[in-house]
Amino acid sequence: MKCSVIHFPVCEFKDGIFYKVTGKMVSGDVEELDAALFGANPSAEEETEQSTGGGSSERVCNVVKNHQLVSVGTWDKKAFKGWIKDYVKNVEKKLKEAGKTDEAEEFKKLAMDGVKYLMANIKDFDVYAGEKNGC
């Protein structure tokens, strides 16, 4: 399993057909830069004011927040199967159009194994997409 960290820890998963991204829960408010990053040393009083914030804030996954993803809701197996089947066909088609027939066949084989895993665990996932994905 290959792993890398760009902004979030990312690991290849299921023979590289998927990526597992590890996020963390953060405040849903607009983040401000930490003055300590620039050598500032706010007083204890200022720290208290900043930490209390004057109200409650929704907590969201930083991956979802930073990439402006939107929830597509929860899916049952039937709905997911329809979507993933179309997705796999589209990727396979694009690979073949690019002259990558061998990669298309390998993708299809690996995708089927990955889909079996996802289908068995669909209830454990929250599904998000980009705002322009038409989901």
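What the table below lists for this structure:
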read-out	value
Long-range neighbours under 9 Å by Cβ, at least six apart or interchain, first residue touching a residue at least 40 places away in the same chain (Cβ under 8 Å) within the stretch 111-129, second part of a strand (DSSP E or B) and of a type in the set (G, A, S)	D126/S71; V127/S71; Y128/S71; A129/S71
Selected residue (criterion: modelled with the highest pLDDT) from residues of the stretch 72-88 that are farther than 15 Å from D15 by Cβ, among the β-branched types (V, I, T) and surrounded by 14 or more Cβ atoms within 10 Å (Cβ to Cβ)	I84
V21 within 30 Å of K116 (Cα to Cα), modelled with pLDDT of 85 or more and surrounded by 12 or more Cβ atoms within 10 Å (Cβ to Cβ)	no
Matching residues in the stretch 59-81 - criterion: being part of a helix (DSSP H, G or I), under 24 Å from K20 (Cβ atoms) and not hydrophobic (A, V, I, L, M, F, W, C)	N62, K65, N66, K77, K81
Selection count where residues are closer than 11 Å to M119 by Cα and either outside the structural domain of L118 (by TED's automatic domain parsing) or without any contact (Cβ under 8 Å) to a residue 40 or more places away in the chain (or both), scope the stretch 61-85	4
Tally, over the stretch 96-111, of residues that are surrounded by 13 or more Cβ atoms within 10 Å (Cβ to Cβ) and closer than 20 Å to F13 by Cβ	6
Flag for S4 being modelled with pLDDT of 85 or more and polar (S, T, N, Q)	no
Qualifying residue in the stretch 101-110 (condition: modelled with pLDDT under 90 and part of a helix (DSSP H, G or I))	no
Some residue of the stretch 95-105 being more than 22 Å from the chain's Cα centre (by Cα) and polar (S, T, N, Q)	yes
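Table: residues versus (1) at pLDDT 80 or above; (2) surrounded by 14 or more Cβ atoms within 10 Å (Cβ to Cβ); (3) not in a loop (DSSP other than H, G, I, E, B).
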position	(1), (2), (3)
L37	no, no, yes
Q50	no, no, yes
S57	no, no, no
N90	yes, no, yes
K93	yes, no, yes
K123	yes, no, yes
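The values are calculated or read from the model by the stated rules, or taken from the named source; none is laboratory data. All values reported here derive from a predicted model rather than from experimental measurement. Don't worry about glycine lacking a Cβ; one is built from the backbone with ideal geometry, like all the others, and counts go over all protein chains shown.
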